[in-house]
Amino acid sequence: MLPPIPYPDDYGVSQYYGFLPNELPLEILPDPYYKRWEYVVSNLQALLLSKRLRHTIESLPIVTASRLRTPAEWRRAYVLLSFMTHAYIWGGDRPEERIPPPISIPYIQICNHLDLPTVATYAGVCLWNFKPIFPEEPIDSLENLSTLATFTGSLDESWFYLVSVAIEARGGPTIPLMLHAIAAARANDSATVIECLQVFATRLDELGTVLQRMYENCDPHVFYHRIRPFLAGSKNMADAGLPNGVVFATGAGNEPYCQYGGGSNAQSSLIQFFDIVLGIEHRPTGSQKPSDSSTESEAEGPTAKPPRHNFIHEMRSYMPGHHRRFLQDVSAVANIREYVESHKSNRSLSLAYDASLAMLRSLRDKHIQLVSRYIIVKSRESRSHSRSLSPLSAPNNQPQPLNLASASAHKYSGPETAKAERRRLRGTGGTALIPFLKQARDETGEPAIDAWARRILSNGPVDSAGEAKGFALGKIGEHADGELEIVGLAGVWKMDDSEGGLCHW
Ligand code: HEM
Ligand SMILES: N[C@@H](CC(=O)c1ccccc1NC=O)C(=O)O
């Protein structure tokens, strides 16, 4: 018996808005018991700039989660506590590692309830932190979206979150669409699978267009120096002044240090849903695609290495529990890749599938460009700027603040070492940025390459013009020395007999 195809409503996933809540986020908690949280968050920017934020939070009366009622209230409370916690940690001259009881106590309760870690995740800053400008109009357009909470009060920060909200809203309808495709593949209804894949590819293409609207209102300088520092977590933050992580002090005594990665769009269940339905596998960062023979020995041999860090999978533990379980259950039924591979002669099916892969890959390409402009370029600029200032030219010759949020995204301490730069160029989860993102992009094209490789091996590769026979997305050519080369979605592949066939070049 095949497992049932998950029904989105059972997991708090909307048929229309996907992982955005079906009911709009609350703009305010209705119970006046929580009014002080609301006051603090609505004045966050002023409290931060005037350096009154920490004292204000320390002086709050302790209120617990006991009066939260509806799911929307729990989500609003998570947003409020996430913003307060990050403002508290990063909103001073130095980061503060001890979170005081007025926020620790309710934050732990709320996160337990929602099955989330005690850190500002993508759900807290994006999914549950928006409102439509005109409530009767659709939320899948940036023109109709506004944010609820921000650290800086800037349009740049709002826009940074809202681009993701618009992507989630525009991508939401692909969830029922692709679940329908899974059901159609089960029923061997290839015409429906093709139709769904075609609509899916078009939608993915639209999401790329929305992604590129980031440049319109989010300035890379503001992002890198003013916004990003507040989104940092407590993991790998020694350079920023949190060598051990943070402690959520509840008054019980002996509370442990904990370390969590900061917010990241890698925590978006929607993007992971795309990978899952298309059968895209993401390997641990830095590991090659195993050949059939090497898998076994790697897993079981006497010199078996411990499994490597798989950042994308780890990010599922930063998703709300319901969403994480939805992805798990969709993984158990995802059959499209297998269906396409077992119907190789159906060219329309392969084309529609490969087009979806190509669109998702192109989304990742656009994203890499965004990361270069918003992080890599900005971080290099800061480095050359700090080189041009000698440490002795600092005002009053005082040690410079370690704080990520008030100064810039890395500490000022004179010329930076190569090691420090490498560290800084890691994402919120400590991944070596560009290689990680490029690997994720390349893995997106792999199922298409696999399908080509198999077809080539069984059918013979090229026609007289050196073009692939009927392959839309790759070109196959023969070099003068007789070597076969395929320029595919994921790069260049060559036939190498010593490697046992087609291999990535
Ligand atoms: C200025 C805007 C953005 C910047 C600077 C940025 C930066 C990053 C960074 C540094 C990572 C590496 C993982 C980490 O450490 O967090 C990442 C991952 C990721 N980002 Fe973004 N991001 C931005 C916007 C977006 C948006 C709007 C999307 C929505 C499609 C997105 C989707 C992803 C995904 C899916 C990953 C995981 C890697 C993958 O699956 O390819 N990002 N981003
Ligand atoms: N990973 C990004 C941060 C990031 O993408 C992000 C963080 C919190 C909420 C949303 C995010 N992404 C895009 O809207 C960074 O390292 O700067």
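Derivation of every value follows stated rules applied to the coordinates shown; laboratory data play no part. The structure displayed is predicted, hence computed values, not measured ones. Because the Cβ atoms are built from the backbone with ideal geometry, glycine has one as well, and the counts that use them run over all protein chains shown.
Brief remarks follow.
- The Cα atoms of region 8-97 define a convex hull whose projected area, averaged across directions, is 7.1 nm².
- Globularity index of region 208-273, i.e. its alpha-carbon radius of gyration over 2.2 N^0.38 Å: 1.51
- Spin-label pair Ile28/Lys366, simplified geometry with 7 Å Cα→Cβ offset, distance in nm: 3.8
- Full extension of the chain between Asn112 and Leu49 yields a length gain of 19.5 nm, computed as 0.36 nm times the residue separation minus the alpha carbon distance.
- Taking only the C-alpha atoms of region 331-376, Rg followed by Dmax gives 15.1, 44 Å.
- Amide H contacts of Leu145 (H built 1.01 Å from N, in plane; Pro and chain starts excluded): Ile133 sit under 5 Å, all sequence-distant by 5 or more or on other chains.
- With a Förster radius of 25 Å applied to the C-beta separation of Val377 and Ala238, the computed FRET efficiency comes to 0.50.
- In nm, spacing of pseudo-spin labels at Tyr7 and His221 (7 Å Cα→C-beta vector): 5.5
- For the pair Glu341 and Asn254 in one chain, pulling the backbone fully straight at 0.36 nm per residue adds 25.8 nm over the alpha carbon distance.
- Entries in Lys378/Lys438; Lys131/Lys235; Lys35/Lys131 that, when Cα-Cα distance is taken, lie over 24 Å: Lys131/Lys235
- HN-Hα J in Hz across region 276-282 - Karplus 6.51, -1.76, 1.60, θ = phi - 60°, x for Gly and Pro: 5, 5, 8, x, 7, 10, 9
- For region 97-180, the convex hull drawn through the C-alpha positions has a volume of 141 cubic angstrom per residue.
- Close amide H partners of Arg98, meaning residues 5 or more places away or on another chain with modelled amide H under 5 Å apart, are Val247.
- J(HN,Hα) series, region 169-182, from Karplus relation 6.51 cos²θ - 1.76 cosθ + 1.60, nearest Hz, glycine and proline x: 5, 5, x, x, x, 6, 5, x, 4, 7, 5, 5, 5, 5
- 3J(HN,Hα) along region 377-382, derived from phi through the Karplus expression 6.51 cos²θ - 1.76 cosθ + 1.60 where θ = phi - 60°, amounts to 4, 5, 6, 5, 4, 4 Hz, with x in place of Gly and Pro.
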